[in-house]
Amino acid sequence: MFAFNSFNERTLTLTDKEMFFLAGIMGFDRILGTDNPFSMQNTGALTMNWKQVAVSLLQKGCLSAEQFEALVTQTAPDTHPFTGIYKRGCCLRYQYKTESGKQLYDSHTYFSSDGVIEIRQAEDLPGYYTLRPMGTLTEACSVVMEQMNLNTYPANEMPALTFSGQWFDEYIRNKQSHRNRQLTKQLSEMTGDLEGSRLFAGVLAENRLYAEVQFSYWDEESWQRKGAILLADDDTNWIVRRSNQDQEDWMIAVPADKVHFRQMLLDWVQQPESV
């Protein structure tokens, strides 16, 4: 949807509404922890505002003339302009150190079939964001994997672990009060896997990478979203996700090496619409 070719060598500065317009097309309702400024508006104000924003994005080169025309002419006055344009997307929020190793870099990266963009809050401009294209989906995935510095521990040699979601939430709230040995004991009692519990307890207690992943897909009526957490230490990487059923109290931690995680991102975004 984005006219990536028109600004693929530039970093753009966008207002909050412009940024949410683009993120909304990909199915995301929050950016850098900020709520969508469109969500509280009535239908009339929403229609007027998003059309004004679409004009601004056309002028900045984020939308092509054909894309703008399709949005303006094909979207009914009482419908939301963001829905159904993209079918799938992925948002990845993580921190990594710069090449000098002195600065911790906070990255919010959005993946779509057209390419990948990185979003940051603009320095000295409250309420503004910078958008930087990172290239095609496959190219940018490789760059992101290098930035995250995931290890290559053979994930296929380790089983997944299933444990209580309530236990995990309590651990996150009281992380400082847990020791590695205590975590291993509690996990092994829930999973029956002592070695896997030891490795996962290590990444819980001393992770050098904590990443939040949100997968979105359009089901022809509304955006659906799934979340996961990626944890990594010097030995292993784990993807942690919660049961999709609200009444079920379980979580699963799945080992994932760099190749596996990269392919998971690609498969999600590139999945056929019929799946």
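The values are calculated or read from the model by the stated rules, or taken from the named source; none is laboratory data. Since we're looking at a predicted model, the values are computed, not measured. Glycine gets a Cβ as well: all are built from the backbone with ideal geometry, and neighbour counts include every protein chain shown.
Of the residues 215, 163, only one is surrounded by 15 or more Cβ atoms within 10 Å (Cβ to Cβ) and in contact with a Cys (Cβ under 9 Å, 6 or more places away or on another chain); which? Checking each option against the conditions leaves just 215. Quick check, is residue 199 part of a strand (DSSP E or B) and under 25 Å from residue 146 (Cβ atoms)? For residue 199, the condition - part of a strand (DSSP E or B) and under 25 Å from residue 146 (Cβ atoms) - is not met. When the residues of segment 6-36 are narrowed to those that are at pLDDT below 75 and of a type in the set (Asp, Glu), which ends up farthest from residue 222 (Cα to Cα)? Among those that are at pLDDT below 75 and of a type in the set (Asp, Glu), it is 9. Report the residue count in segment 199-212 for those that are more than 17 Å from residue 171 (Cβ to Cβ), touching a residue at least 60 places away in the same chain (Cβ under 8 Å) and surrounded by fewer than 19 Cβ atoms within 10 Å (Cβ to Cβ). The qualifying residues number 1. Somewhere in segment 234-241, is a residue touching a residue at least 60 places away in the same chain (Cβ under 8 Å) and either touching a Lys or Arg at 6+ places or on another chain (Cβ under 9 Å) or assigned to a helix (DSSP H, G or I) (or both)? Taking every residue of segment 234-241 in turn, at least one turns out to be touching a residue at least 60 places away in the same chain (Cβ under 8 Å) and either touching a Lys or Arg at 6+ places or on another chain (Cβ under 9 Å) or assigned to a helix (DSSP H, G or I) (or both).
Tell me, yes or no, whether segment 242-258 has at least one residue that is without any contact (Cβ under 8 Å) to a residue 40 or more places away in the chain and crowded, with 16+ Cβ neighbours inside 10 Å. For segment 242-258, residues without any contact (Cβ under 8 Å) to a residue 40 or more places away in the chain and crowded, with 16+ Cβ neighbours inside 10 Å: absent. In the condition set (1) at pLDDT 85 or above; (2) under 14 Å from the mean Cα position of the chain (by Cα); (3) under 21 Å from residue 11 (Cβ atoms), residue 88 is compliant with all but (3).
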